[in-house]
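So the structure is just underneath, and the comments pick up after that.
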Amino acid sequence: MELRVRREAWEGMWRDARAQAPREAVGLLVGRGVAEEAWPLPNASDRPQAHYRAEPLALLTALRRADELGLEVLALYHSHPAGAPLPSAADEAEASWRVPYVILGLPEGQARAFLLPQGDEVKIRVEP
């Protein structure tokens, strides 16, 4: 499996992650076969420096908007402001979406994607 991401969406995801630090950022990658846009969502976790939880109403609103625009949710993303781009135990335990989870490791400036909870890595291809 491969996750294709347009450069603009890739850069938007990274901008969000850096702007939210030291809190974890969270958002959706949406598009038609290729992720065309990054849609940041508020992190409603009570421990936002080490955990993410998309604010439920904002998530529902984003899902409705995607449906209205004929877009698919192709991935979820979140950041690890002080850690590596690897799934944490909480990331694996709370995973329920059947799309890749992109994790942005801010210290390394690297991103990796995984199907969770099984942990299979998904290749990311950034396109113009």
Item to check | Members of the stretch 17-44 found to be within 17 Å of G105 (Cα to Cα), in contact (Cβ under 8 Å) with a residue 60 or more places away in the chain and either more than 14 Å from the chain's Cα centre (by Cα) or surrounded by fewer than 24 Cβ atoms within 10 Å (Cβ to Cβ) (or both), listed by number | outcome: R18, Q20, A21, P22
Checklist entry - From the set of residues in the stretch 46-58 that are buried (at least 17 other Cβ atoms within 10 Å of the Cβ) and out of contact with any strand residue (DSSP E or B) (no Cβ under 6 Å at 6 or more places or on another chain), which is farthest from R18 (Cα to Cα)? => result R53
Checklist entry - So which residues in the stretch 81-107 are surrounded by fewer than 19 Cβ atoms within 10 Å (Cβ to Cβ) and either of a type in the set (K, R) or within 16 Å of D16 (Cα to Cα) (or both)? => result A82, R98, G105, P107
Checklist entry - When you scan the stretch 44-128 for strands (runs of 3 or more DSSP E) that lie fully inside it, which ones turn up with 1 or more residues that are modelled with pLDDT under 95? => result 120-127
Next on the checklist: Quick check on L74: is it buried (at least 19 other Cβ atoms within 10 Å of the Cβ), over 19 Å from E55 (Cβ atoms) and of a type outside the set (K, R)?
Outcome noted: yes
Checklist entry - A17: of a type in the set (G, A, S) and closer than 13 Å to F114 by Cα, yes or no? => result no
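The values are calculated or read from the model by the stated rules, or taken from the named source; none is laboratory data. From a predicted model like this one, the values you see are computed outputs, not experimental measurements. Cβ: placed from backbone, ideal geometry, glycine included. Neighbour counts: every protein chain shown.
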